[in-house]
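Written out below as structure tokens is the structure these notes cover.
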Amino acid sequence: MKLRKALLSLLLASAIGLSACGGTDIMEFGKTEEISFSWWGKDVRHSYTIDAVHMFTNMNPDVNVLMEYGEFDAFQKRMDVMFAAHNECDVMQINYDWLFRFSPDGTGFYDLNELSDYIDLSNFTEDQLSYGMINGRLNGISNALNTQTCYYNKSLYDKYGLELPKTWDDLFEAAKVMSPDGVYPTELNRKAAWMMCIAYVEQATGIRCFDQKGKLGFKQDQFRMLLTFYKRLVDEKVTKAISEIDKTDFENGISAGAVCWISDAGYYCDPLIEKGMDIVVGEYLQRPDSLIMGWYAKPTSLYCIKRDVENPETAAKFVDFLLNSEEMAGAQGIEKGIPLSKSMLEVLESNGMLKGIQNTASQKMISTKGIERVSPCLENNTLVSAFDSAAKTIEFEKTDLDAEAEKLFEAAKASELNI
Amino acid sequence: MNDHQETGRLISMRNTIIVIYTLIASAVFAATCIYFINSKNRALQAQSENFTTIAAQQWIRNLDFFCDNIEQTSSIIFETPEFSSFSPKGPALTAEEVEITDRITRFMTSASYMNDYCDFGMAYSTGGTAGVITDGTRDLIGGNIYSKCKDLLNGRDKAWTVLFSGKVSRICFLKRINSDAIFLSSVYTTSLGNISGSMSGFPNLSMYITNENNRIIYCTDNVKEKPGDIIPSELIQKLDGKSNVTIGDSEIALCTFDLDNGWRIYDLVRSANASRFIRMGPEIFIVIVGVSMLLAFIVIGIIIGAAYSSRPKTPKVDSNKYDPELNVLTPYYCEEKISDMIEISLIGGTWAFAIFKIVGYEMITERLGNEFSKQSLVKLSDILKEHFAGDNAVGINEDNELVVFCDYSDYDIFKAHNDIRNSFEQLEKKLENILVGENEDYRLDVAAGVCIYPDHGNTFDQLEFKAASALEKALENGGKGIVFYETSHKAGGAKR
């Protein structure tokens, strides 16, 4: 009897084995949560961000992240349209001034304070978080700080026997030496020219273009002074005119310097460093009689969540990944500047990743006293475009400076905020 | 041969049979598995081929639509003749030309936001540009954009090309606007993942789009290659120079379609597991046999182990096993022993179960005393032990009857039955003249009932019942002799 039971058991085991062979394969799909994520940047940022997103989705297989990205100029216009249609992504990398354009009362984005269970806010100081705070609502969290910084090809300056510029006058003196060879002491693109001219006028007058509340400080006279200074920079061949700027000039030695964001330093400087040139971070240019510093820092970008996002917890987990994770720290390095997140900073320090021209520029910004928080009004694209238009007009001397200064003043008034 | 040796031999025989049966069962099992797996493989392969074909066809439609959309969007620049006919002569732009360039840039920036364009602008023979031509694209093209675009057009009115840059490679559409201007629009190759929609959500489906040089323009995330790499050579070899084909073999189901512009779509599903068994049938067969045998032995071991461990504990005193005077198994052990012998007996075996009774045993005891009756039983048991020597069981039951279970197994079942008859006939003669008493002046009459295992029962109780029935018949017939159980005895009933 017992043997019979044993045989029955064996048969049963065989049957189970056979049934396993004929098992059903079930492939499930469409059961993942989906969040969308948009950012701007150059190819290097796209590349590591895509990698990081894949890391996140590998860690969270139930989450799918749709990516939208592009370079800044076209991307900004696209964001305008998406916000107008309320089609923005669930998680967004935004520029500082967009925070105030799209959320003037603080309700345009999700209040990240409500998601503090998912986003480790303890990695940031109150001051750092205040960049994204509007009306007591945490609309965005900054990942790093950025400022326009001067970079010089010291090899080229040494060739002309010139010291690196510390004042505006040093630039004009350098131009006198270099211009006979068709070399420019520096290169100012649209945004750099705008911020440099603002700095010059603020240093000269002691008046801030916009205060921290978004109120306009400059009058038409200050804008006239600003445009005059720009015209002098071009006329005395300190820089090419905005319409003639070619980003390869710095790399090809046509420009001996460049002014750009810290986050773009690698893009501009690394090709030269690879060629063996001595590229250094310069001083923040001053007038000898400067009344105020005139140079500003701003968040490189902020991460925000759509105000009525469908899956706020998932979006928050993703934002935490972008801001605080070891994986993102390893992928991003200091491409956006030195990260504000303590945990990310620890990863970079322990991995010896705090190095290179961007690190030098970031350290200089941190150690320089007097650099203030930028007014979002100065970042307003309409105002910068108005400056660009005025600059091109006076370049061809089609109209008088007063008329262009008036237009710029009107554009600035329209950009005022009530923060 | 003692009792332990006897049990050992039976266990050994039993184990041999188990091994043989297990081997046969495992082989059958393995063959069945291979059959099922192969059947499943064939079905899977057919499904995979259909799936890749459908997916590739869908891809073609989506990609055609995607490219058409980009081409058609370029027509927006012809909306304003001022823009389409604009051709700055240089070397530097005039104020009017700068103004027009700015207007074009604003216009194109507005026009391009509707889609995920990377670039949307124009390159002029002066080296200048209007619209949005990103730094990344300028870096990839390198040098004078207009000259490079002109080379890529190569005299044609329009052309598609790919600027490879890993994950952020760009698909570019070029179109000549006028003799000094070329329109350029591009999208990141990753945007092709968006047009695939839900198709990219199938983890087993891989997809490549390649250009005419077999370089990958786009691939799904589940492959190790990236844009710019050459497509795996194994895929090209499988095509064997053909195009627009569906190929299915033991490794892969592959479908390809060629586009007019020289691009090719590869949709493929790699065999996940079972298909490999087709190629490795003998090895897998042996593996399955081995594994199933191992499993079977484990199961049998567990069952036998459990059976032995659950068996009632036998008294440890060995002397209790045998009646001290008769030297035959005591009633309890007799039943236990015979039950064990039944359990481990070979299939096809033939055994005789017999109960022997001294006629008038109770009366002998009453009249001549216990000692005499015991002496009678000793005499009888001696004869039985002698007659049934070997691996047989001889014991006594509660009614002072002697019980025998004896093996007569033979391949020829008729011979086995004859042997039983002959054996018991010989025994009957021996039993006819048993004399007991001091002067051997008392002759015993012995009756016996015999039945056959497994013909008349499969358990001790069944056999005992049938043998007792036959014994009753023997007692009825005249008080002695041996009677074999027959079906008709049932009617007479058994005394127990």
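In segment A:367-419, how many residues are part of a helix (DSSP H, G or I) and touching a residue at least 60 places away in the same chain (Cβ under 8 Å)? Walk me through how you get there before you give the answer.
Filtering segment A:367-419 for residues part of a helix (DSSP H, G or I) gives A:367, A:376-379, A:381-395, A:401-414.
Checking which are touching a residue at least 60 places away in the same chain (Cβ under 8 Å) leaves us with A:376-379, A:381, A:384, A:387-388, A:390-392, A:394-395, A:401-402, A:404-406, A:408-409, A:412-413.
Result for segment A:367-419: 22.
Let's see how each residue does on (1) under 21 Å from residue A:164 (Cβ atoms); (2) within 13 Å of chain B (Cβ to nearest Cβ); (3) assigned to a loop (DSSP other than H, G, I, E, B):
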{"position": "A:200", "(1), (2), (3)": "yes, no, no"}
{"position": "A:225", "(1), (2), (3)": "no, no, no"}
{"position": "A:246", "(1), (2), (3)": "no, yes, yes"}
{"position": "A:260", "(1), (2), (3)": "yes, yes, no"}
Name the pairs: first residue in segment B:203-223 and more than 13 Å from chain A (Cβ to nearest Cβ), second residue among the acidic types (Asp, Glu), Cβ to Cβ under 6 Å, at least 6 apart or on different chains?
B:207/B:267; B:216/B:225; B:216/B:229; B:219/B:225
When the residues of segment A:59-89 are filtered to those that are more than 10 Å from every other protein chain (Cβ to nearest Cβ) and not in a loop (DSSP other than H, G, I, E, B), which remaining residue is surrounded by the most Cβ atoms within 10 Å (Cβ to Cβ)?
A:65
Determine whether residue B:491 is assigned to a helix (DSSP H, G or I) and either in contact with a Leu (Cβ under 7 Å, 6 or more places away or on another chain) or at pLDDT below 85 (or both).
yes
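Among the strands (runs of 3 or more DSSP E) lying completely within segment B:399-482, list those that include at least 1 residues that are under 24 Å from residue B:331 (Cβ atoms) and over 58 Å from the mean Cα position of the chain (by Cα). Spell out how you get there, then give the answer.
Working: elements: B:402-407, B:434-436, B:442-444, B:446-453.
Where strands (runs of 3 or more DSSP E) fall fully within segment B:399-482 and carry at least 1 residues being under 24 Å from residue B:331 (Cβ atoms) and over 58 Å from the mean Cα position of the chain (by Cα), they are B:434-436, B:442-444, B:446-453.
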Report, by residue number, each residue of segment B:386-441 that is free of Cβ contacts under 8 Å to residues at least 60 places away in the same chain, under 21 Å from residue B:460 (Cβ atoms) and polar (S, T, N, Q).
B:392, B:400
Mind listing just one residue for me: the one in segment B:223-255 that is assigned to a strand (DSSP E or B) and modelled with pLDDT under 90 and, of those, farthest from residue B:170 (Cα to Cα)?
B:248
Let me confirm something: among B:48, B:39, which residue is over 14 Å from residue B:267 (Cα atoms) and assigned by TED's automatic domain parsing to the domain that holds residue B:190?
B:39
I'd like the full set of residues that are more than 9 Å from chain A (Cβ to nearest Cβ) and in contact with a Phe, Trp or Tyr (Cβ under 6 Å, 6 or more places away or on another chain), limited to segment B:89-107.
B:100, B:104
Tell me which residues, restricted to segment B:402-422, are surrounded by fewer than 24 Cβ atoms within 10 Å (Cβ to Cβ) and either more than 15 Å from residue B:452 (Cβ to Cβ) or among the acidic types (Asp, Glu) (or both).
B:407, B:410, B:411, B:412, B:419
Considering each residue of segment B:125-144, count those that are within 11 Å of chain A (Cβ to nearest Cβ) and in a helix (DSSP H, G or I), and give that number.
6
Scanning segment A:42-57 for residues that are assigned to a helix (DSSP H, G or I) and touching a residue at least 60 places away in the same chain (Cβ under 8 Å) gives A:44, A:45, A:48, A:49, A:51, A:52, A:55, A:56
Only one of B:127, B:155 is without any contact (Cβ under 8 Å) to a residue 12 or more places away in the chain and either surrounded by fewer than 20 Cβ atoms within 10 Å (Cβ to Cβ) or more than 29 Å from residue A:265 (Cα to Cα) (or both), namely B:155
Any residue in segment B:44-65 that is in a helix (DSSP H, G or I), within 18 Å of residue B:184 (Cα to Cα) and in contact with a strand residue (DSSP E or B) (Cβ under 8 Å, 6 or more places away or on another chain)?
no
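For every residue, the table says whether it meets (1) over 29 Å from residue B:255 (Cα atoms); (2) within 14 Å of chain A (Cβ to nearest Cβ); (3) out of contact with any Asp or Glu (no Cβ under 8 Å at 6 or more places or on another chain); (4) of a type in the set (Asp, Glu).
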residue: B:24; (1), (2), (3), (4): yes, yes, yes, no
residue: B:32; (1), (2), (3), (4): yes, yes, yes, no
residue: B:61; (1), (2), (3), (4): no, no, yes, no
residue: B:67; (1), (2), (3), (4): no, no, yes, no
residue: B:78; (1), (2), (3), (4): yes, no, yes, no
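Is it the case, given these coordinates, that residue A:143 is more than 23 Å from residue A:334 (Cβ to Cβ) and not basic (Lys, Arg)?
On the way: more than 23 Å from residue A:334 (Cβ to Cβ): no; not basic (Lys, Arg): yes.
No.
So which of A:369, A:364, A:355 is closer than 13 Å to residue A:147 by Cα and not polar (S, T, N, Q)? Give the steps one after another, and end with the answer.
Numbers: A:369 fails: closer than 13 Å to residue A:147 by Cα; A:355 fails: closer than 13 Å to residue A:147 by Cα.
Every option except A:364 fails the conditions.
The values are calculated or read from the model by the stated rules, or taken from the named source; none is laboratory data. In this text, all values refer to a predicted model and were calculated from it rather than measured experimentally. Positions of Cβ are backbone-derived with ideal geometry, glycine not excepted, and every protein chain shown enters the neighbour counts.
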